[in-house]
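One structure is given below, encoded as structure tokens.
Taken together, the values in this text are just the output of simple stated rules run on the coordinates, not laboratory data. Please read these numbers as outputs of a predicted model, since none were measured by experiment. No Cβ is skipped: glycine too gets one built from the backbone with ideal geometry, and neighbour counts run over all protein chains shown.
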Ligand code: NAD
């Protein structure tokens with residue numbers, strides 16, 4: 001039985017992960033963490049997430065609960081996530097990291113720490129989106145340079161980072177499939193007299209409204225036709241289920257950095 005710790009336990013994702021874990025065999029909640037000043041600290045985690053009492057108090061410090069778990073599931077914010085990854089690496093444990101919005105320097109540190117842990121790091125843990133990463137790369141390789149690529153992402157009004165980690169990953173896999181450098185061809189804003197669209201550019205546009213859980217469209221625009229691949233998340237449960245699946249998968253793996261394509265055997 002795998003003992004898992006959930007960080008960000010009172011958050012939108014943390015709560016759904018704890019719910020999802022209830023119905024999955026082979027994994028059990030061993031600890032829950034929140035930021036030290038969060039009102040959930042000291043309360044029973046079942047009470048915090050709307051489940052019966054579980055006999056596990058939410059802790060304000062990962063350090064305190066890490067010895068109880070084999071794997072940390074973290075969906076919080078970039079700074080605490082990185083601090084927690086350092087602790088997990090020092091303890092040689094496993095981690096599933098779903099947080100998005102890391103700076104390039106933070107991503108470099110995550111890559112450097114990964115060999116001291118077993119880490120699944122993925123901006124989107126849904127099965128459908130991970131299949132989409134594969135499909136859009138295949139489409140780009142077939143269409144080559146004749147079709148303009150535009151990505152549109154939409155999320156709820158509370159989301160803090162933009163564009164979404166998923167939209168960035170979609171742009172990265174398409175740029176890679178087309179042999180382009182996303183740092184040079186990514187276009188994230190358009191306004192005013194912008195001139196004609198270049199053939200190489202990959203547009204990434206952001207929508208923020210209401211309670212949209214997450215929507216990603218990749219549009220390949222040709223002359224006389226366009227092809228659109230759309231993923232719509234109806235609830236957070238698909239991400240939460242993916243995170244639990246990743247935790248079960250990663251514990252017995254050799255040290256290193258993995259993503260959901262590894263977990264779902266899509267490589
Ligand atoms: P949220 O704001 O509802 O939850 C984040 C939680 O982290 C909060 O409860 C906050 O108090 C807690 N937190 C902050 N500092 C902490 C600390 N030091 N220790 C422990 N907990 C701490 O946000 P959310 O919607 O649950 O999203 C969290 C992150 O997950 C975001 O970066 C989001 O983009 C990402 N996300 C990823 C996926 C995926 O599939 N990878 C899916 C959805 C969301």
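Compute the FRET efficiency between residue 253 and residue 158 as 1/(1 + (r/R0)^6), taking r as their Cβ-Cβ distance and R0 = 35 Å, and round to the nearest 0.05.
Given R0 = 35 Å and the Cβ-Cβ separation, E is 0.55.
The angle between the Cα long axis of helix 12-22 and the main principal axis of the chain comes to about 60°, on a 0 to 90 degree scale.
Which semi-axes, in whole Å and largest first, does the equivalent ellipsoid of the range 90-182 have when worked out from the alpha carbon gyration tensor as the square roots of 5 times its eigenvalues?
Gyration-tensor ellipsoid for the range 90-182: 27, 17, 13 Å.
For a quick check: sort 245, 35, 226 by the number of other beta carbons within 10 angstrom, fewest at the front.
Starting with the residue having the fewest Cβ neighbours, the order is 226, 35, 245.
Of all DSSP bridge pairs formed entirely within the range 127-233, close to 60 percent run antiparallel. Restricting the calculation to Cα atoms, every distinct pair contributes to the Kirkwood radius of the range 138-202, found to be 13.0 Å.
Straightening the chain between residue 234 and residue 47 buys 64.8 nm, computed as 0.36 nm per residue apart minus the Cα-Cα spacing.
Note on the range 54-128: Rg/Rh from C-alpha atoms, Kirkwood Rh, equals 0.97. Cα axis of helix 165-177 to longest principal axis of the chain: angle in degrees, 0 to 90, nearest 10? The answer is roughly 50 degrees. Binning the C-alpha pair distances of the chain at 5 Å intervals from 0 yields a P(r) profile of 1, 6, 13, 16, 18, 16, 12, 8, 5, 3, 2, 1, 0 %, listed from the shortest bin outward. In the chain, what % of DSSP beta bridges are antiparallel (nearest 5)? Of all bridge pairs located within the chain, approximately 35 percent are antiparallel. For the range 1-84, dividing the convex hull volume of the Cα atoms by the residue count gives 84 Å³ per residue.
Order of 13, 95 from fewest to most other C-beta atoms within 10 Å?
Result, fewest neighbours first: 13, 95.
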